[in-house]
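What follows draws every value from the coordinates through simple rules; no lab data is involved. This structure is a prediction, so every number in the text was calculated from the model and none was measured. Positions of Cβ are generated from backbone atoms using ideal geometry, with glycine treated the same way; all protein chains shown enter the neighbour counts.
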Amino acid sequence: MAVTHPRFGRSLRVILAFGALCAPGIQAQGSVQGQVVDGHGKPLAGARLEVYEVYSRSRRSFVLRSDQNGRYRAKLPPQQTAPDWGQPTDAFWKVSAHLEIARWGHRYCFPLLAAHNRPLRSQERAVRDFRLFQEPRGLIRFRLRTEQLPPLNRYTLELTLVPTGPLWDGSRLSPQVIRTHSRELRPGLAIFDAWYVPLGQYDISVALIGTANRARPLKVAPLLKRAGGNPWRAKTGRYGASVRTDFIPSSSCRYAPTYDFDARAG
């Protein structure tokens, strides 16, 4: 049995489409505008939008931010003259958007998606709306050292996650319990599915669930990552009754930040 809270899960669900959010209104020729909202339609202020040229070697680009109403408007640069035949050439542009969150000593970014995002011509009047399809989440990965445990065909762990404060959006979450089973056994190790949790900071304690549903508290320690290294070969920190998450941003906004830890018998 696993936690059923809708903000937790093994995998991400993606909404495939949404309607227009921002009516074009009075719009100048050669411009793009739109609105950025979260999954509930609430405007997102300060989202980072980049307008960049495609199908061209020059790769011109510029960056702007959504206002307090989640709206943005940008004038597209004019046509350029082709150096080889001296005639104006129509430029094509696209818009990308990301939500940036600076919390807990890190800067995170998460992609904002558009219902459609075909290239724009320099002289178009275009609308490109963006939505945060999936709540910003961190990915918790963990393993169990089994050298000091009785051999089993499957191990069951119970993780208790206690938020240390507000989540990324200022909301509060009560302590959550995840019960999960090992999916792979290796010599001295049991590997478990990773879990997505709302981006925040948590104190995590772990117990081994044995016969008669009895819980045996375990010791836990963070995995100390090295740049470019395999986290499962990294050394561990100090073992204790709990660990505090420190989600490490990914090198790409497309991937969730991660936190890795180890559990073993006390």
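Subtracting the Cα-Cα distance of Ser250 and Ala215 from their residue separation scaled by 0.36 nm leaves 9.2 nm.
In straight-distance terms, cross-link reach from Lys219 covers every one of the lysines whose alpha-carbon lies under 18 Å from its own, apart from those fewer than eight places away in the same chain; here that gives Lys235. Considered as an equivalent ellipsoid built on the Cα gyration tensor, the range 31-131 has semi-axes of 29, 15, 10 Å, the largest given first. Here the extension length gained between Gln123 and Ala28 equals 33.3 nm, from 0.36 nm per residue of separation less the Cα-Cα distance. Bridgeable aspartates and glutamates around Lys94 (alpha carbons under 17 Å apart, same-chain partners fewer than 8 residues away excluded): Glu50, Glu53, Glu124, Asp129. Distance between the pseudo-spin-label points of Arg233 and Arg65 (7 Å out from Cα toward the beta carbon): 4.2 nm. Taking the average, over residues, of other Cβ atoms within 10 Å as the packing measure, peptides 183-189, 211-217, 48-54 rank 48-54, 183-189, 211-217 from highest down.
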